[in-house]
Amino acid sequence: MLPRHRPPEALLASLSAVRGRADRLTHTEHLPAREARHAPWPDTVRPEIVAAALALGVEQPWAHQAEAMKLAKSGQTVVLATGTASGKSLGYLAPVLSDLLDGTEARNGRGATALYLAPTKALAADQRRRAAELAPARVRAALYDGDTPPEEREWVRQYASYVLTNPDMLHRGILPAHPRWASFLKTLKYVVVDECHTYRGVFGSHVAQVLRRLRRLCARYGSTPTFLLASATTADPAATAHRLTGMPAVAVTEDCSPRGPLVFGLWEPPLTENVGEHGAPVRRTATAEAAYLLTDLVESETRTVVFVRSRRAAELVALQAQDQLGRPLADRVAAYRGGYLAEERRALERDLHSGRLLGLASTSALELGVDVSGLDAVLMAGYPGTRASLWQQAGRAGREAQGALAVLIARDDPLDTYLVHHPEALFDTPVEATVLDPDNPHVLAPHLCAAAAELPLTDGDLELFGPSTEALLPILEKRGLLRRRGDGTWYWTRRERAADAVDLRGSGGSPVQIVEAETGRLLGTVDASAAHTSVHTGAVHLHQGRTYLVREFDLDSSVALVERADPPYTTAARDVTSISVLSTDTTVDWGEARLSFGSVEVVNQVVGYLRKRISTGEILGESKLDLPPRTLRTRAVWWSVTEDQLLDATIPFDQLPGAAHAAEHASIGLLPLFATCDRWDIGGVSVPLHPDTGLPTVFVYDGHSGGAGFAERGFRRAAQWLTATRDAIAACECERGCPSCVQSPKCGNGNDPLDKAAAVRLLDVLLAGAPGAEPAAGAAAVDGGGAPVDGSAPVGGGEAP
Ligand SMILES: [Zn+2]
Ligand SMILES: [Zn+2]
């Protein structure tokens, strides 16, 4: 029962031909097909592997795979950065498995070993299966993660030649126990870092330091493994691979796999009758719109996957489409989200391939490690955050010969709205670079402790861990964590395990547990950094479609006690934020205006919350909260304009707070276009008169201690970033500001004041002096500027990240 296949142009035309939908399709892009280019197998690949590949239907590798195989054998760090379904696995597996196979001829049967790292356990499991298909059984591939039973672990350490794990396990389980891994590390020939573009921001910075710890231990055991990285297409993958591994890398980027033509539509859902905060118009949600389009596509027997951003949305889209379809087609639509078992995923893959299943609503869990390529259509309910993921998801559509359809459906926020009206930002712009900052001292410090616990640190290690290391070691000694011995080496002094002090994916502080008061059942957790705003006493908390009220938020025990309730309102926390400049790294003048990058201290206090009627957003009341202020030292980009410029822009002083606040909101919404971050990774503060600059100033800061590299990226791309911000506000069809332009879902000031028109004028005078290109890296450095903040300073809208 294979579905019939219609050309993608016809599909898109039929979607937009439905009455009332004519102007929702804002752009159509036609991407041409690409021919395959093959290359012969390099002689270094063992004939057993070539034969196994042949049995799987691969006669010859594509040219980029062959290139990666050759480079890998030369011992260089290689990053293979090509599209979805371009066979990256074969590119690194062929050389790795060949060498492991050579190793099986050693006397102990394990003359060479390799380590594979994946961001998720599911992906590692899929890769183990793939390795088993390509290599004879005497190459012993084994998973080593939290699920590996203790009795198997010893076997893996002693006998497995290909160990598949994740960075967390390497950090907590393998490196601290390195003596037990001595024979494995001694012969370690390759380290494969798969899906390396997922190692970004603070998580990526941690992983970079874990890899440095691994390299140091290998050197101690006498091995120098070759690092092989696989990545989605990103800008400058070689530089990212260098930052991640600490070693210069060669990139293979020319994708020589074949691709059918792709028709790519940009889609904006309609405005609804509903009104939001301050009477703002509200669009239909991207998920509701996706469900309508999915319904139509399934009706025309088009195999479609919808990518959504949350587990709940996956369930909602599937349910809504099933409702609209009715029987029997409803049975051919399903939801897929993280947490499914391998067998369930296999079954879904099979059903999609066979055509039994026509529609699947999925979180990005499907992006990793599940083979659903060869679909007729892909819908994306909301921009997935980066162009790299966008192409990764769109790449799921299309078989070699036939064309396929991809549609990006905008959510009601400034970034998505901007994108569906600026196709050039998607189609004529290279994918973004992966941002990470391993030198962040908050990231580096715990890894220096962990490294010292693994093997005392020597002066020879300083270079490996980067330029911040030398200054950090004495600080760690002062804190009583490390001690310097007479021979100049640094030791870990505590009894507890140093590696336990840091969770690679954590965001600082122990997470707050959400506990049902009546039953004592643990419903879930929320990050410490988000707890004050989301689970304060009185907050409405949603969990798996059920509504709870927080009865009590106990700071000391990090527990929020909740009870089932059905209030007719939602809650929104109110907070006050002040920010002070600790030091300025770099400043550039944009005419009279100034743009700076440096270190700041952000003090945020949740002071109360609003209750808003669900249906209308009407404010029902406000309650005060007594929560302590929290301090964050981080990195920020900020800009100021002069009083003369305000005069030029005809912004009187009473309009200034609304103008700066609106510009700040929209700029936070647009930064993810330039830095691989999420709107929730960054925060902002706008101040009509800031004590440190003496001028109206807008700050955008990294929401993680010590910074994550996002604000820095904003500084480097400031002209483009703020131009896009200005354009997004100006282009929005609303009258006085809406979620598509200047309103923010996380505003601590209830989106008040906001002045959309004045924000455009403010950005215009700012940008009038901006250079056309990136500010030069060597711009004048300015010291100091760390005047203490006046506690009574008037503070504008604060966006806690
Ligand atoms: Zn608007
Ligand atoms: Zn705000």
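The values are calculated or read from the model by the stated rules, or taken from the named source; none is laboratory data. Worth saying up front: this structure is predicted, and the values here are computed from it rather than measured. Every residue, glycine as well, gets a Cβ built from its backbone with ideal geometry; the counts of neighbours run over all protein chains shown.
Looking for something closer than 26 Å to V210 by Cβ, over 23 Å from the mean Cα position of the chain (by Cα) and among the hydroxyl-bearing types (S, T, Y) - is there at least one such residue anywhere in the stretch 506-525? Checked the stretch 506-525: no residue is closer than 26 Å to V210 by Cβ, over 23 Å from the mean Cα position of the chain (by Cα) and among the hydroxyl-bearing types (S, T, Y). Within the set V443, V431, V420, the sole residue that is farther than 30 Å from E268 by Cβ, β-branched (V, I, T), buried (at least 21 other Cβ atoms within 10 Å of the Cβ) and out of contact with any Pro (no Cβ under 8 Å at 6 or more places or on another chain) turns out to be V443.
Just one of the listed residues (L214, L266) is more than 30 Å from L31 (Cα to Cα), crowded, with 22+ Cβ neighbours inside 10 Å and among the aliphatic types (A, V, I, L, M), and it is L214. Total residues in the stretch 719-756 satisfying the condition of being away from ligand 1 (no atom under 11 Å from the Cβ) and either surrounded by fewer than 23 Cβ atoms within 10 Å (Cβ to Cβ) or assigned to a loop (DSSP other than H, G, I, E, B) (or both): the figure is 17.
Return a yes/no flag: does the stretch 652-674 have any residue that is over 24 Å from the mean Cα position of the chain (by Cα), assigned to a strand (DSSP E or B) and either modelled with pLDDT under 95 or more than 16 Å from ligand 1 (Cβ to nearest atom) (or both). No, the stretch 652-674 has no match at all.
Of all residues being in contact with a strand residue (DSSP E or B) (Cβ under 8 Å, 6 or more places away or on another chain) and not in a strand (DSSP E or B) in the stretch 296-311, which is farthest from G359 (Cα to Cα)? Just the residue, please.
The extreme case among them is R309.
When the residues of the stretch 87-114 are narrowed to those that are charged (D, E, K, R) and more than 14 Å from R46 (Cβ to Cβ), which ends up farthest from the chain's Cα centre (by Cα)? Ranking the candidates gives R107 first.
Would you check if there is a residue in the stretch 627-634 being touching a residue at least 40 places away in the same chain (Cβ under 8 Å) and either within 16 Å of ligand 2 (Cβ to nearest atom) or buried (at least 24 other Cβ atoms within 10 Å of the Cβ) (or both)? Yes, some residue in the stretch 627-634 is touching a residue at least 40 places away in the same chain (Cβ under 8 Å) and either within 16 Å of ligand 2 (Cβ to nearest atom) or buried (at least 24 other Cβ atoms within 10 Å of the Cβ) (or both).
Could you tell me which of the residues D331, D255 is part of a helix (DSSP H, G or I) and not basic (K, R)? Steps first, answer last, please.
Details: D255 fails: part of a helix (DSSP H, G or I).
When all the criteria are applied, what remains is D331.
Scanning the stretch 446-490 for residues that are of a type in the set (V, I, T) and part of a loop (DSSP other than H, G, I, E, B), we see that the one that is surrounded by the most Cβ atoms within 10 Å (Cβ to Cβ) is T489. Note on the stretch 554-579: residues that are part of a strand (DSSP E or B) and in contact (Cβ under 8 Å) with a residue 60 or more places away in the chain amount to 8.
Quick one: would you say A235 is closer than 30 Å to A397 by Cβ and not in a strand (DSSP E or B)? Yes.
If the condition is being farther than 11 Å from P414 by Cβ and either basic (K, R) or within 12 Å of ligand 2 (Cβ to nearest atom) (or both), then the stretch 727-744 contributes only R736.
When Q76 is tested against the conditions (1) surrounded by fewer than 18 Cβ atoms within 10 Å (Cβ to Cβ); (2) touching a residue at least 60 places away in the same chain (Cβ under 8 Å); (3) under 29 Å from A394 (Cα atoms), the lone failure is (3).
Reported count of residues in the stretch 663-696, each being over 26 Å from G201 (Cα atoms) and not acidic (D, E), is 9. Residues of the stretch 202-220 include none that is at pLDDT 95 or above, hydroxyl-bearing (S, T, Y) and assigned to a helix (DSSP H, G or I). Evaluated against (1) surrounded by fewer than 17 Cβ atoms within 10 Å (Cβ to Cβ); (2) within 25 Å of the chain's Cα centre (by Cα); (3) polar (S, T, N, Q), T272 falls short on exactly one condition, (2).
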